[in-house]
1. Does Leu41 satisfy the condition of being free of Cβ contacts under 8 Å to residues at least 40 places away in the same chain and either under 21 Å from Leu74 (Cα atoms) or under 9 Å from the mean Cα position of the chain (by Cα) (or both)?
2. Considering only segment 12-24, I want to know if a residue exists there that is within 23 Å of Ala86 (Cα to Cα) and either aliphatic (A, V, I, L, M) or modelled with pLDDT under 85 (or both).
3. Looking only at residues in segment 82-114 that are among the aromatic types (Phe, Trp, Tyr) and at pLDDT 85 or above, which one is nearest to Gly17 (Cα to Cα)?
4. Looking at Phe20 and the list (1) under 26 Å from Phe2 (Cβ atoms); (2) aromatic (Phe, Trp, Tyr); (3) over 14 Å from the mean Cα position of the chain (by Cα), which single condition is not satisfied?
5. I'm checking my understanding of the structure. Among residues of segment 1-33 that are touching a Lys or Arg at 6+ places or on another chain (Cβ under 9 Å) and in contact (Cβ under 8 Å) with a residue 40 or more places away in the chain, which one is surrounded by the fewest Cβ atoms within 10 Å (Cβ to Cβ)?
Amino acid sequence: MFFYLALAVLMLLPLLGVWFMVKRVPDSKRSLILVAAATILLTPSWAPVTITVVLVPFGFLFFVTLFTLSWVELAGLVSLFPIWHAIAFPVTALISYFVIRKRPSNNSFKAGGSAAA
């Protein structure tokens, strides 16, 4: 579990990058992009390590695949635990959706028509 949490903190860096890039996008599209990015980066997945498997964020596997271009191996890792991933991806998407919807919008700081003086 510690290994997952350590790598999940590392996966928050690209997620923060996505958040900064979509700041000026309309709220509905911004939520969709952030939920998709959070789901890809933070979904717990299993990765084989020598004679055992460890829990890692899917984003870690995705970045390794992105740099090595071994897409077939990524599909093989996902197919090792198909029921796990069939449950983990939607649950992570729902949790990230509720977390993202709770964040304050940029509209709360816009000046209104009246000012208290």
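1. The answer is yes for Leu41.
2. Filtering segment 12-24 down to residues within 23 Å of Ala86 (Cα to Cα) leaves 12, 15.
Next, only the ones that are either aliphatic (A, V, I, L, M) or modelled with pLDDT under 85 (or both) stay: 12, 15.
Yes, because at least one residue in segment 12-24 is within 23 Å of Ala86 (Cα to Cα) and either aliphatic (A, V, I, L, M) or modelled with pLDDT under 85 (or both).
3. Our first condition is that a residue be among the aromatic types (Phe, Trp, Tyr); within segment 82-114, this holds for 84, 89, 97-98, 109.
Cutting the leftovers down to at pLDDT 85 or above gives us 84, 89, 97-98.
Numbers: Trp84: 28, Phe89: 21, Tyr97: 18, Phe98: 20 Å.
If we take residues in segment 82-114 being among the aromatic types (Phe, Trp, Tyr) and at pLDDT 85 or above, then Tyr97 is nearest to Gly17 (Cα to Cα).
4. The one condition Phe20 does not meet is (1).
5. Lys23
The values are calculated or read from the model by the stated rules, or taken from the named source; none is laboratory data. Everything quoted here is computed from the prediction, not taken from an experiment. Positions of Cβ are generated from backbone atoms using ideal geometry, with glycine treated the same way; all protein chains shown enter the neighbour counts.
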